[in-house]
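Okay, so here's the structure we're looking at.
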Amino acid sequence: MKALNNVILALVIIGAINWGCIGLFGLDLVGTLFGGTTSMLSRIIFTVVGIAGIWAFSFFSKVDEVRE
């Protein structure tokens, strides 16, 4: 489970970097690298990153476990 959580965290970081590039530079890295924002591959990546973000909500309960 720890390996999956590490992958999820990496995907959330990738998503955050992509959003930061959009906000700062108007550049969508995922879209640029994978054929535009409407290409099937980009949409799959956006979907996987979005699911990772939803999964990352479970990390909030784990923060309390680490503190104890």
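For residues in region 28-46 being open to solvent by less than 70 Å² (accessible area, probe 1.4 Å) and not small (G, A, S), which is nearest to A56 (Cα to Cα)?
Within region 28-46, the first condition is being open to solvent by less than 70 Å² (accessible area, probe 1.4 Å), and the residues that meet it are 28-31, 35-36, 39, 42, 45.
Next cut, not small (G, A, S) only: 28-30, 45.
Details: D28: 22, L29: 22, V30: 20, I45: 16 Å.
Step by step, filter region 28-46, then rank; the result is I45.
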*What number of residues in region 11-29 are of a type in the set (G, A, S) and over 22 Å from W55 (Cβ atoms)?*
2
*asked:* Looking only at region 28-66, how many residues end up being part of a helix (DSSP H, G or I), more than 19 Å from L9 (Cα to Cα) and β-branched (V, I, T)?
replied: 1
_I need the full set of residues from region 1-27 which are over 26 Å from F59 (Cα atoms) and either in contact with a Phe, Trp or Tyr (Cβ under 6 Å, 6 or more places away or on another chain) or not in a helix (DSSP H, G or I) (or both), in order please._
G26, L27
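The values are calculated or read from the model by the stated rules, or taken from the named source; none is laboratory data. Note that the structure is a prediction, hence the values are computed from the model and not measured. Using ideal geometry, Cβ is built from the backbone for each residue, glycine included, and neighbour counts are taken over all protein chains shown. Keep in mind that these areas ignore ligands, DNA and RNA; they rest on the heavy atoms of the full protein, side chains included. Shrake-Rupley method; radii C 1.70, N 1.55, O 1.52, S 1.80 Å.
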